[in-house]
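Written out below as structure tokens is the structure these notes cover.
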Amino acid sequence: MRSRLGGRPGSALQRLAVDAEPAAIYAIGDVHGCLDLLLALEAIIVADAAEIEGERWIVMLGDVVDRGERSAQVLDHMLEPAPGELRRFSLMGNHEAMMLDFLRRPSPNSAWLEFGGRETLLSYGVPLEALMHSRFGAREARQIVDLYIPGDHIEWLEELPVMIETPSTVLVHAGIQPGIGLSEQADLDLFGYRDNFEASYEDLGRTVVHGHTIREEPLVTANRIAIDTGAYFTGRLTAVRIVPGQPPVLFSSGSSRPQQSTTAMS
């Protein structure tokens, strides 16, 4: 797999690319600390992947942390080998970016704390009453964070790429800015762009797979697959299987029973 830094000046995150398609890609939407939903979905994926020969990937589309109750445990899981002899990749989401910024410059006034950061710190056992106390400043916040956040979690966050490309597929967290070439996309847009789902991405000649913007149902078209179904408040986590020459297949966990559906492109 080839790796390069971002396109526009100031881009710093890695962008990964391969010249040949894997046998299957299982892209998983925004987990947001919902470890039980992730484990259930992985079990569905492992069973499905057992029928496929060749290299099979799990790609986490970003935002595995925040909002839910078990972000620390999700990161522990990310550091373990992928299940079922699959190969796992994880992308930078806006919540990973916010968390990493906080861990580098911890402050009781960080905006991240209002966007799921409190729940993440609680999952590490951080005493929020101490962190949020008015007499604590940045120095005290630094000391508290250093006591509770494992170094390998920080290293994992720092190494996340912002994009993965195959000859037919582009995987990012948030989508891409319409009308701008991939090499010119800013890191911030790739993990933070708020999509209205109007762009077709037809001009790319590839399918863009992303999460970030919640939909009641996944969107699957010839050039776009959007699979964030709001796991942390709907209780439904969604994945899509992409196999060359076959229609995408959707999987979900957390509903009344595991779901699988083959989706015709609209």
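Table for the structure above
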| read-out | value |
| --- | --- |
| Per-residue [θ]222 nm for the chain (sum of -39500 (n - 2.57) over DSSP H runs n ≥ 4, rounded to 500) | -7500 deg cm²/dmol |
| Ratio Rg/Rh, restricted to segment 32-148 and using Cα atoms, in which Rh is the Kirkwood radius | 1.08 |
| Over segment 66-215, equivalent-ellipsoid semi-axes from the Cα gyration tensor in Å | 32, 18, 12 |
| Among beta bridges that DSSP assigns inside segment 1-98, antiparallel share in %, nearest 5 | 30 percent |
| Among beta bridges that DSSP assigns inside the chain, antiparallel share in %, nearest 5 | 55 percent |
| Helical segments meeting 18 Å axial Cα length and Kyte-Doolittle 0.0 threshold in the chain (DSSP H) | 35-49 |
| Semi-axes of the equivalent ellipsoid for the chain, Cα gyration tensor, largest first, Å | 31, 21, 17 |
| Under 14 Å, Cβ to Cβ, from residue 22 - net charge with Lys/Arg +1 and Asp/Glu -1 | -2 |
| Whole-angstrom gap from segment 15-48 to segment 174-242, using each part's C-alpha centre | 15 Å |
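Quick note: the coordinates plus some simple rules give every number you see, no bench work behind them. Keep in mind it's a predicted model, so treat the numbers as computed, not measured. With ideal geometry, Cβ positions are generated from the backbone for all residues, glycine too; neighbour counts draw on all protein chains shown.
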